[in-house]
1. Between T26 and T135, 0.36 nm times their residue separation minus their Cα-Cα distance comes to what?
2. Pull out the extension gain between S128 and E197, defined as 0.36 nm times the separation in residues minus the alpha carbon to alpha carbon distance; nm, one decimal.
3. Sort 57-65, 134-142 for me by packing, meaning the mean count of neighbouring Cβ atoms within 10 Å per residue, highest on top.
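We did not get these values from a lab; they are worked out from the coordinates using the rules stated. Predicted, not measured: the structure shown is a model, and the values here were computed from it. Note: ideal-geometry Cβ built from the backbone for every residue, glycine included; neighbour counts use all protein chains shown.
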Amino acid sequence: MNLNDFGLLTKTLRKSSVDQWGNPWTRESLSRAVHLSPDQLGRLERGDRKYLDTQTLLLLADSFNLTNLERKEFLYAALPELLDYTKQVPAGQNLLNLVYSPVFGAREIFGSFWRKIATIEIILFRRSTLRYRHTAYFNYLMKVLLQEKQFDIDWYFCQRYADRYDLTYVNFLYEHPRYGPLSYLATETIISTKKGELYLLAYNPLDKTTASIFKNIKGDKENRIHRFASWPEKKVPIEHDNY
């Protein structure tokens, strides 16, 4: 969703929602609730605000009294802003941060299947980073990730039980809150490059329903590559160089 559409969505939700006393939100009252000036909120609703921090998005979701699933859809509608947000926080662009961070709602999306997905991602991360564990960047990344208590527990759990998982292929079968039942197979491909191995995961639909959903998500547009960070040369941010 582009900035203009997200601005219109925010404006629509404001006009159709009420505050805790049952009064319709005005631009002035909502701006106070989300710690913005009326002018800043106005620019957001017009699509002129180029950056939205996660706190503002969460305060808006609280103000609109969104359910958990509605909150997920609201945050996804602001996905371009969330991608910008990941560039501003430590480890924000690391896949494990997306899996464990409450901001991105991975637990809600995958439900009871989230535990298996998180475990698989940790095992993949452990293997692909083995050669880099002596670097300052890896130490920085781990100290940031380990601040999430659940990741801390799962990281050390996988040290003992990782051999139980076969990562050659993984069958995903779960109920997605938006798209319904999904069934697909994740297969791994390792490509040798002059800078090391490149790990690729391909998701192959196993039924017509999932295939149709994947096709609609992809659309008719060409595949796009989003570069989040250089690889494999990664640097510790200046403000974290004491790691």
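1. Values: separation 109, 0.36 × 109 = 39.24 nm, distance 5.15 nm.
Going from the current span to full extension adds 34.1 nm.
2. On the way: separation 69, 0.36 × 69 = 24.84 nm, distance 0.83 nm.
Stretched out fully, the S128 to E197 stretch lengthens by 24.0 nm.
3. Numbers: 57-65: 18.1, 134-142: 16.2.
Final packing ranking: 57-65, 134-142.
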